[in-house]
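Participant: Take this structure first; my questions come after.
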Amino acid sequence: MPRRSGGLSQLRDDLSRVSGALRLPWKRSKHDDDPYWEAFINRPAADVRNLIPEIIGKAAEGNIFPTPSELHSPDVMASHLKELARYLDATSVTGIVDLSKQDPELAHGFPYAAVTAVHADNDPYVAPGVGGQTAKQDGQFVPFIVACWIRELGYRGSVKIEVSREQREHLAVAAGIATRDRDGRLTVPKLGTRVHIGEILFTDLPLQADG
C-alpha cells in the first residue's frame, strides 16, 4: 500500500532536517563557525583563474571607433552614463570628476573620470576569497562595460590605469558621491559605509562634472 503523507507539518520537519544537514557555501550562515562560509569569504583561491576580477583585469580594451558620434550636451551624456551604470548594477552610484581640478599626475592626460561605488558586504582589500572579492568584481564590471560603450562612441575610455585605494576614495569625494564620517570612514548616502570604489574610468567623452 502507498505510504500516507504526514501532511504539511511532516514536510516542514523534513525540510528542516535537510537544511540543517546542508551548509551551502553561497548561503551565509548565522553561525560564526561555519567553515564553508569562512573559506568562501577569506580563503585565497588556489588558482586565480577562478576569480572573475582576475579575468576582467586581464581583458584587453578594444579599439576606439574611428569616427566620433554626434553627442548630446555634456549634462545629457553624463546622465546617459549614470543610467547605464545603474542598468548594469542597480545599487551602484556613479559620479563624474573634472580632472582639470585634480593633480595632473592623477588625471593621466584625461579631462574626466567616472567614479562608481558599489555595495560591499565584505572589504575586498582584506577578504581574498571567491565570495570576498564580489564587490571588486562588481566594481570592475560596471566601469569596464561603460568604457566599452564610450569607445564605441568614438572617444577614449580606459579602466586600465592603476589607481590606489586612497586615490579612488579621494575621487569619490570629489565626484560628490561620498563623504567622510566623523571617524574618517568613507560613506555613500545610498550605501552607507559598506562600500567599495570600483575601477576609475578615465575618458575624454564630454561630460558634466559633479561635486
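The values are calculated or read from the model by the stated rules, or taken from the named source; none is laboratory data. Every value quoted in this text rests on a predicted model; they were computed, and no experiment measured them. We place every Cβ from the backbone using ideal geometry, glycine too, and count neighbours over all the protein chains shown.
Participant: Quick check: anything in segment 140-148 farther than 13 Å from Asp204 by Cα, touching a residue at least 40 places away in the same chain (Cβ under 8 Å) and loosely packed, with under 12 Cβ neighbours inside 10 Å?
Facilitator: no
Participant: Where residues in segment 49-65 are in a helix (DSSP H, G or I) and free of Cβ contacts under 8 Å to residues at least 24 places away in the same chain, which of them is nearest to Ile150 (Cα to Cα)?
Facilitator: Of segment 49-65, the ones in a helix (DSSP H, G or I) are 49-50, 52-58.
Those still in the list that are free of Cβ contacts under 8 Å to residues at least 24 places away in the same chain too: 49, 54-55, 58.
Details: Arg49: 28, Glu54: 23, Ile55: 21, Lys58: 19 Å.
The selected residue is Lys58.
Participant: Further question on the same structure: Please determine whether any residue of segment 198-206 is in the same structural domain as Ser92 (by TED's automatic domain parsing), over 15 Å from Tyr112 (Cα atoms) and crowded, with 24+ Cβ neighbours inside 10 Å.
Facilitator: Yes, there is a match, as at least one residue in segment 198-206 is in the same structural domain as Ser92 (by TED's automatic domain parsing), over 15 Å from Tyr112 (Cα atoms) and crowded, with 24+ Cβ neighbours inside 10 Å.
Participant: While we're on this one: Quick check on Glu105: is it charged (D, E, K, R), at pLDDT below 95 and assigned by TED's automatic domain parsing to the domain that holds Lys160? Write out each step before concluding.
Facilitator: Details: charged (D, E, K, R): yes; at pLDDT below 95: yes; assigned by TED's automatic domain parsing to the domain that holds Lys160: yes.
It is true that Glu105 is charged (D, E, K, R), at pLDDT below 95 and assigned by TED's automatic domain parsing to the domain that holds Lys160.
Participant: On to the next question. If you go through segment 171-187 one residue at a time, how many are touching a residue at least 60 places away in the same chain (Cβ under 8 Å) and either small (Gly, Ala, Ser) or surrounded by fewer than 21 Cβ atoms within 10 Å (Cβ to Cβ) (or both)?
Facilitator: Start the filter on segment 171-187 by keeping residues that are touching a residue at least 60 places away in the same chain (Cβ under 8 Å), which leaves 171-172, 174-178.
From the residues that got through so far, the ones that are either small (Gly, Ala, Ser) or surrounded by fewer than 21 Cβ atoms within 10 Å (Cβ to Cβ) (or both) too are 172, 174-176, 178.
The number of residues fulfilling the criteria is 5.
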